[in-house]
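Notes follow the structure.
The values are calculated or read from the model by the stated rules, or taken from the named source; none is laboratory data. Predicted, not measured: the structure shown is a model, and the values here were computed from it. Using ideal geometry, Cβ is built from the backbone for each residue, glycine included, and neighbour counts are taken over all protein chains shown.
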Amino acid sequence: MDRPTSFAPIPRGRLTVWLENAPGPLFTTFVIFASFSTYFCMYAFRKPFSAASYDGLKFLGGDVDLKTAFVISQIIGYALSKVIGIKVCAEIDRQKRARGLVWMIVVAELSLLLFAILPNNLKVVAIFFNGLPLGMVWGLVVLYLEGRRTSEMLLAGLSCAYIVASGAVKDIGLWLMSTFQIDQFWMPCATGICFLPLFAGSVWLLNQLPQPDAADIEARVKRTTMGGSQRWQFFRQFLPEMILLSTVYFFLTAYRDFRDNFGKEIFESLGYGQTPAIFTRSELWVAFGVMAALAGLNLIRDNRRGLYGAFVIMTFGVFLLGAGTILWDLKLVSGLNWMILTGLGAYLTYVPFGSVLFDRLIASTRAVGTAVFAVYVADAVGYSGAISVLLGKDLLAGDTARIDFFRSLTYVMSVVGLVLLILACVFLMKRHTHYPAGDLTANPTEPA
């Protein structure tokens, strides 16, 4: 039977040695900057294409909009990347991470070049290969951050990258088209080229991080790579909880991706079509709210309470989706504020899945492995939900305005999320033994 192995040692350059002895706040600031910048740049290769409308274009002359086909094709590649990442991100050692990150972005940019030059219907293939490597970037970045005493703070800072970046790179894409008259099909490639040097520099900085120290390991458990048997052991140990959480994530990913990919059309329906930098304006408020909520978890040392705190934040998020939409229906908030509320609710629920939820779960139950493995299991399920909703909208509700579809989807997400998150929290707290920080003597897989 294969055994988990510790993350391999890394060369200790001058910057790594300096970081090992740096004051805590300075170290935290450096890590957040390096990880935020790395993932922010990744979005310049993934999201700019969705800033264009591709009005009047249909895929293969049928009923599916060409933009919908692009979105679905990229999500299929991205979802497949998550499935591949279940193995790759669980097994990759430290020495290969930086090189892997760079190659993933190179492949993504070459795919955007093909997106620019291929005929319209074949562009769907190019955007599939664009998404194929990008789905593993998150996991490789999180591997640098998990298992530390300040993981909540670090992961909150990283998570702000995709909250802010998605809107920011779309604003940059729109700016390139309006200022330099770049064609809508060449714009994604041009945006990516602008960010290549910054991405390479950010990865270099990220790769200088030292491994978690003894105090980190005592507080959050030593993280190990996971062979096939360890992956199955983890899944069996948390099977009911993973089913409930993955179901929530199925609907949540579909909801977040619909809001993200068709934000331009939703804002136009709300009367903000000509408002400059509207994506950035709305998502900055969301990022600040999510960062504050997750950073607050860093104050909770007890891992069981920290896990419970993550569920409180997520449950409040799905509640906010429904409450914000009721306020908008009653005309008590503006369309922009409604979009901010839906963004805040969605990301308060979504962000913990990719960061603190599974990090705290492993620290609390002493399960063997990495949080990244659990994240990628959930992601693989979640992005299939995004594909299902997008196809269902065009094929079954093609005449429904996107803003009306989005409003209905918000209510569904709020109700389903509340019920399933409460059940998952009860299951986790009742079925598993939770150990205090520093208790490394108990059997980490012992059931309650």
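Only one of the numbered conditions (1) under 22 Å from Val318 (Cα atoms); (2) hydrophobic (A, V, I, L, M, F, W, C); (3) surrounded by fewer than 17 Cβ atoms within 10 Å (Cβ to Cβ) is violated by Phe235, and that is (1).
Of the residues making up segment 210-232, those that are among the aliphatic types (A, V, I, L, M) and buried (at least 22 other Cβ atoms within 10 Å of the Cβ) are Val221, Met226.
Checking each residue in segment 357-371 for being of a type outside the set (Gly, Ala, Ser), touching a residue at least 24 places away in the same chain (Cβ under 8 Å) and closer than 18 Å to Ile86 by Cα picks out Leu357, Asp359, Leu361, Ile362, Val368, Thr370. Check segment 385-394 and report whether any residue there is of a type outside the set (A, V, I, L, M), modelled with pLDDT of 85 or more and crowded, with 17+ Cβ neighbours inside 10 Å. No: zero hits. Taken over segment 428-440, the criterion of being at pLDDT 80 or above and buried (at least 18 other Cβ atoms within 10 Å of the Cβ) is satisfied by Leu428, His432, His434. The residues on offer are Ser73, Ser37, Ser81, Ser53, and the sole one that is hydroxyl-bearing (Ser, Thr, Tyr) and more than 20 Å from Gly135 (Cβ to Cβ) is Ser53.
Scanning segment 85-103 turns up no residue that is under 17 Å from Cys41 (Cα atoms), outside any helix (DSSP H, G or I) and not small (Gly, Ala, Ser).
Candidates in segment 345-384 are the residues that are buried (at least 22 other Cβ atoms within 10 Å of the Cβ), touching a helix residue (DSSP H, G or I) at 6+ places or on another chain (Cβ under 7 Å) and among the β-branched types (Val, Ile, Thr); of these, the one that is nearest to Gly227 (Cα to Cα) is Thr370. Only residues that are outside any helix (DSSP H, G or I), crowded, with 21+ Cβ neighbours inside 10 Å and touching a Lys or Arg at 6+ places or on another chain (Cβ under 8 Å) were counted in segment 150-194, giving 0.
Among the residues making up segment 73-87, a single one is modelled with pLDDT under 90 and over 17 Å from the mean Cα position of the chain (by Cα): Lys87.
Under 30 Å from Pro276 (Cα atoms), among the aliphatic types (A, V, I, L, M) and touching a residue at least 40 places away in the same chain (Cβ under 8 Å): is that true of Ala165 in this structure? When the stated conditions are applied, Ala165 passes them. Identify the residue in segment 297-334 that is buried (at least 17 other Cβ atoms within 10 Å of the Cβ) and more than 24 Å from the chain's Cα centre (by Cα) and, among all such residues, is farthest from Leu421 (Cα to Cα). Looking at residues that are buried (at least 17 other Cβ atoms within 10 Å of the Cβ) and more than 24 Å from the chain's Cα centre (by Cα), I get Val333. Residue pairs whose Cβ atoms lie under 6 Å apart, separated by 6 or more positions or on different chains, with the first residue in segment 49-66 and touching a residue at least 40 places away in the same chain (Cβ under 8 Å) and the second surrounded by fewer than 16 Cβ atoms within 10 Å (Cβ to Cβ) and among the aromatic types (Phe, Trp, Tyr), do not occur. Restricting attention to segment 126-156 and to residues that are under 16 Å from the mean Cα position of the chain (by Cα) and charged (D, E, K, R), the residue that is nearest to Leu26 (Cα to Cα) turns out to be Glu152.
Remark: pairs (first residue in segment 418-444, farther than 18 Å from Tyr308 by Cβ and of a type in the set (A, V, I, L, M); second residue surrounded by 15 or more Cβ atoms within 10 Å (Cβ to Cβ) and at pLDDT below 95; Cβ separation under 6 Å; 6+ apart in sequence or on different chains) = Ala442/Tyr435.
Based on this model, can you work out whether Glu268 counts as closer than 30 Å to Ala52 by Cβ and either surrounded by fewer than 24 Cβ atoms within 10 Å (Cβ to Cβ) or aromatic (Phe, Trp, Tyr) (or both)? So Glu268 passes the test. If we scan segment 320-333, do we find a residue that is in contact with a helix residue (DSSP H, G or I) (Cβ under 8 Å, 6 or more places away or on another chain), over 23 Å from Gly139 (Cβ atoms), free of Cβ contacts under 8 Å to residues at least 40 places away in the same chain and not in a helix (DSSP H, G or I)? Within segment 320-333, one or more residues are in contact with a helix residue (DSSP H, G or I) (Cβ under 8 Å, 6 or more places away or on another chain), over 23 Å from Gly139 (Cβ atoms), free of Cβ contacts under 8 Å to residues at least 40 places away in the same chain and not in a helix (DSSP H, G or I).
Looking across segment 128-149, the residues that are of a type outside the set (Lys, Arg) and not in a helix (DSSP H, G or I) come down to Gly135, Met136, Glu146, Gly147. Flag: Leu209 matches the condition of being of a type in the set (A, V, I, L, M) and in a loop (DSSP other than H, G, I, E, B). Looking only at segment 342-362, decide whether some residue is in a helix (DSSP H, G or I), at pLDDT below 90 and of a type in the set (Lys, Arg). Yes, there is a match, as at least one residue in segment 342-362 is in a helix (DSSP H, G or I), at pLDDT below 90 and of a type in the set (Lys, Arg).
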